[in-house]
Amino acid sequence: MNILRLLNESEYIQVNNQFIKPDYQYASEEFADDEDIALAAQLDGQELILTVAELEEATPLADGGFWLEGVGYLRFLSRESLH
C-alpha cells in the first residue's frame, strides 16, 4: 500500500517506541510534490517534519511498519488498531 495513503488514513503514528498524534498530516497521493510537508508532529519536545520525498524513501517492513533513515521505525495506526 502507498505510504501516503497509510498516512492519510491514520490517526496516530508510532515513531520508534512512542505513539504520537500528528499536528499536521496530509499529502495528496496524486498531486504531491517531493518537497511538500506530509507530516508535522512534536516528538520529545522536538519538531518532527517529514516531506513527501522523505516518506517515499522509507523502507517497508514485514510487520506493516517502515524504516526511515534518520528517524527510525514508523508505523501508521488508526484508533481501532490500538485496541
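Per-residue Karplus couplings for the range 27-34, computed as 6.51 cos²θ - 1.76 cosθ + 1.60 with θ equal to phi - 60°, are listed in order as 7, 4, 5, 9, 10, 6, 8, 3 Hz, Gly and Pro entered as x.
Give me the 1.4 Å probe accessible area per residue for the range 30-78, excluding ligands and nucleic acids, in Å².
Working: 2930 Å² over 49 residues.
So the range 30-78 comes to 60 Å² accessible per residue, rounded to a whole number.
Ordering Ala32, Phe66, Gln14 by the projection of their Cα atoms onto the charge dipole of the chain, which places +1 on the Cβ of Lys and Arg and -1 on the Cβ of Asp and Glu, puts Gln14 at the extreme positive end. Among the listed options (1) 18, 58, 23, 1; (2) 20, 60, 19, 0; (3) 12, 22, 17, 17, 11, 12, 8, 2, the one matching P(r) over Cα pairs in 10 Å bins from 0, in percent as calculated from these coordinates is (1).
Accessible area per residue (1.4 Å probe, heavy atoms of protein chains only) ranks Tyr24, Tyr73 as Tyr24, Tyr73, with the largest value leading. Scanning residues 5 or more positions from Asp36 or on other chains, those with amide H under 5 Å from its amide H are Val52, Ala53, with H placed 1.01 Å from N in the peptide plane.
The values are calculated or read from the model by the stated rules, or taken from the named source; none is laboratory data. Computed from a predicted model, the values in this text were never measured in an experiment. All Cβ positions, glycine included, derive from the backbone under ideal geometry; neighbour counts span all protein chains shown. Remember, those area values only see protein heavy atoms, side chains included, never the ligands or the DNA or RNA. Shrake-Rupley method; radii C 1.70, N 1.55, O 1.52, S 1.80 Å.
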